[in-house]
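Asks: Dumping the structure here so I can ask a few things about it.
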Amino acid sequence: MNQMSDKKIFEVPLYAYQRSPDQDAATPARRKVVIIGAGPVGLAAAIDFAQQGIEAVVLDDNDKVSFGSRAICFAKRPLEILGRLGCGHEMVEKGVEWEVGKVFFDDRQVYEFNLLPEKGHEFPAFINLQQYYFEEYLVNRVRAMQETGAPIEIRGRNKVLRVADKGDHVNLLIDTPEGEYPLEADWLIACDGAGSPTRAMMGLDFVGRVFEDNFLIADVIMEADFPTERWFWFDPPFNKGQSALLHKQPDGVWRIDLQLGWDIDKEEEKKPENVIPRLKQMLGDDVKFELEWVSIYTFQCRRMEKFRHGRVVFAGDAAHQVSPFGARGANSGLQDTDNLAWKLKLIMDGTAPESLLDSYDIERVHGADENILNSSRSTDFITPKSEMSRLLRDAVLDLSEAYDFARPLVNSGRLSVPCTYDGSPLNAPDALAGGPARTRPGAPCVDAPLGDGFLLKKLGDRFTLLTIGADAPEALDVDGIALDRLALEPTEAVAARYLGDATSAVYLIRPDQHVAARWPSYDEAAMRAAVARAIGKE
């Protein structure tokens, strides 16, 4: 079923087909980076490359933003990444901010949680925003960059028919409304979704689990006085023996998820005459609503064994899939490209060896495995596979109403958090005794207020030496890396997030704003060794 509202964004070709000079070239044109897929992950990757001066061409067989029941929940760390890419604040301004979640069991609330009780962050814990708006903002950002001469291009209705890795480049054959043409890429980034044609063309597949359950997604337009919170029900009166989820989106649109069970007729369940009674049972007969979109999905927690295959690199849903409870799909895809772009930039500049890309596999497979583990646990808790499992789950829910110790055991979809790359070969040993665990080597930097601004905005997308109560050179060149110093005052927030029990600290921060190393004071030999390690030269 596809019943659309009067929004026209889905119907307008935002990157309509235009003939490229590459189609008339006597020999195949060679591009630095070609990206397949103009979804959020592909567009974010292209913007990141272009901001660093790397030519990026995005190919997509569509020419419009996507529509329907896709990603809506965007977490703080991806919003910070989007802030660096130039469109994070547009997302927040349009989106619905939330930080409170409530958990219900049967007909009662058992507890609530706050995802960001700590103040002093530029971006909120979460926003809800339809994916079509997200893609529109990314396309607008591309257009704005093109006006300044940035090396970035989107080619709509360019369908990739063939991919062949030739060792030092990739050959592609592309179909268009005006016929086929060949193209070469120094590097190919596959961001073409869960059904990735690129993956199929290369004879690659996923490994993992498909869970025996189905969920109904309904996006409905309605006027309702529910608060801006995430509400999750276990065994509610309106969907006995199953679960339900409610989220608010912009424009009066609400996302409703209803668990249906395994043995169902999907086509029958999507029919309005079957969906509407279910929703009325949940919302009440007096609530007026209009269906915008209805679909059925099945939990899948799977990934490719490796994300890099020669000169072809996979990111986002093309590389890994997780169940949607927990908002880990698009959020983790943005962290893939955030991890990849700076590494490929150093390799293309000759500053780092090509083996640095091995760390993309190591770190982002680790991130995917962490997401898959949490999503699998969520799924097992939401959909118990035996009567004993259900009795145990229900006991935990009962206890959580009165006892704090039981609440961490409740799993209604562990919500997306950024991955800490523990054990990464790019991390130096942690030398800051008493330093906070959340900013240890491998961890993403935690934002903090700095005067009238914020820390992460000042870090940008370069290697930085961050000092707190410690002396260090203002600028250095280490192994071809221009290293700038950012000196912080030990304010209450900075001290709590970066000093802990230490009295001073020096941090080496990567371009993706993950910590590479930290020490109590500046040590040039240790710093140079840490830089070498962070760019794959050690």
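Asks: Multiplying the sequence separation of Ile276 and Asp501 by 0.36 nm and subtracting their Cα-Cα distance, what value in nm do you get?
Replies: Contour length minus Cα-Cα distance gives 75.3 nm.
Asks: Okay, next question. Identify all aspartates and glutamates with a Cα-Cα distance to Lys537 below 13 Å; exclude those on the same chain that are fewer than 8 residues away in sequence.
Replies: Straight-distance partners of Lys537: Glu354, Asp358, Asp479.
Asks: With the Cα gyration tensor of the stretch 206-356 giving a ≥ b ≥ c as the square roots of its eigenvalues, does the rule (a/c under 1.5 for rounded; else a/b larger than b/c for prolate; else oblate) give rounded, prolate or oblate?
Replies: prolate
Asks: Hey, another quick one. Below 9 angstrom from the Cβ of Met304, what's the summed charge of the other residues (Lys, Arg +1; Asp, Glu -1)?
Replies: That works out to +2.
Asks: Kindly identify the stretch 358-514 as rounded, prolate or oblate by the Cα gyration tensor criterion: order the square roots of the eigenvalues as a ≥ b ≥ c, call it rounded if a/c is under 1.5, otherwise compare a/b with b/c, prolate if a/b is larger, else oblate.
Replies: It comes out prolate by the Cα gyration axes.
Asks: Distance in nm between label sites at Val12 and Asp106, each 7 Å beyond Cα in the beta-carbon direction?
Replies: Distance between the two pseudo-spin positions: 5.1 nm.
Asks: Do the sum for the chain: with -39,500 (n - 2.57) for every DSSP H run of n ≥ 4, divided by all residues, what is the mean residue ellipticity at 222 nm, to the nearest 500 deg cm²/dmol?
Replies: That calculation yields -8500 deg cm²/dmol at 222 nm.
Asks: How far, in nm, would the chain grow between Ala200 and Phe238 when pulled straight, counting 0.36 nm per residue and subtracting the alpha carbon separation?
Replies: Values: separation 38, 0.36 × 38 = 13.68 nm, distance 4.14 nm.
Difference between extended and current length: 9.5 nm.
Asks: Here is a further query. By how many nm would the segment from Asp484 to Asp286 lengthen if fully extended, with 0.36 nm per residue of separation less the alpha-carbon distance?
Replies: Difference between extended and current length: 65.2 nm.
Asks: To continue, here is another question. Once you list every other residue whose beta carbon is under 13 Å from the beta carbon of Glu112, what net charge do they have if Lys and Arg are +1 and Asp and Glu are -1?
Replies: For residues surrounding Glu112, the net value is 0.
Asks: Related question: Trypsin sites (Lys or Arg not before Pro), restricted to the stretch 112-157: which are DSSP loop and have at most 15 other Cβ atoms within 10 Å?
Replies: Numbers: sites: Lys119, Arg141, Arg143, Arg155, Arg157; in loops: Lys119, Arg157.
Sites meeting the loop and neighbour criteria: Lys119.
Asks: Can you bin every Cα-Cα distance in the stretch 437-534 into 5 Å intervals starting at zero and give me the percent of pairs per bin, rounded to whole numbers?
Replies: All Cα pairs considered, the percentages come to 3, 14, 28, 29, 19, 7, 1, 0.
Asks: Using a basic spin-label model with each label point 7 Å from the Cα along Cα→Cβ, how many nm lie between Glu492 and Asp175?
Replies: Taking the simple label geometry, Glu492 and Asp175 are separated by 6.3 nm.
Asks: State to the nearest 20 debye the size of the charge dipole of the chain about its Cα centre, where the only charges are +1 on K and R beta carbons and -1 on D and E beta carbons.
Replies: In debye, rounded to 20, the chain gives about 580.
Asks: Expressed as a rounded percentage, what relative contact order does the stretch 411-508 have, with Cα pairs under 8 Å and six or more residues apart?
Replies: 30 percent.
Asks: What is the magnitude of the charge dipole of the stretch 437-534 about its Cα centre, with +1 placed on the Cβ of each Lys and Arg, -1 on the Cβ of each Asp and Glu, and no other charges, expressed in debye to the nearest 20?
Replies: Roughly 360 debye for the stretch 437-534.
Asks: Hey, quick one: spin label on Glu474, modelled 7 Å out along Cα-Cβ, who in the stretch 497-533 has an amide N within reach, i.e. under 20 Å?
Replies: 507, 522-524, by backbone N distance to the label point.
Asks: Another question, if that's okay. As I understand it, the dipole of the chain uses +1 on the Cβ of Lys and Arg and -1 on the Cβ of Asp and Glu, about the Cα centre. Which of Gly442, Ser412, Val96 lies farthest toward its positive end?
Replies: After comparing all options, I get Gly442.
Taken together, the values in this text are just the output of simple stated rules run on the coordinates, not laboratory data. Please read all numbers here as calculations on a predicted model, not as lab measurements. Note that we place each Cβ from the backbone using ideal geometry, even for glycine, and neighbour counts take in every protein chain shown.
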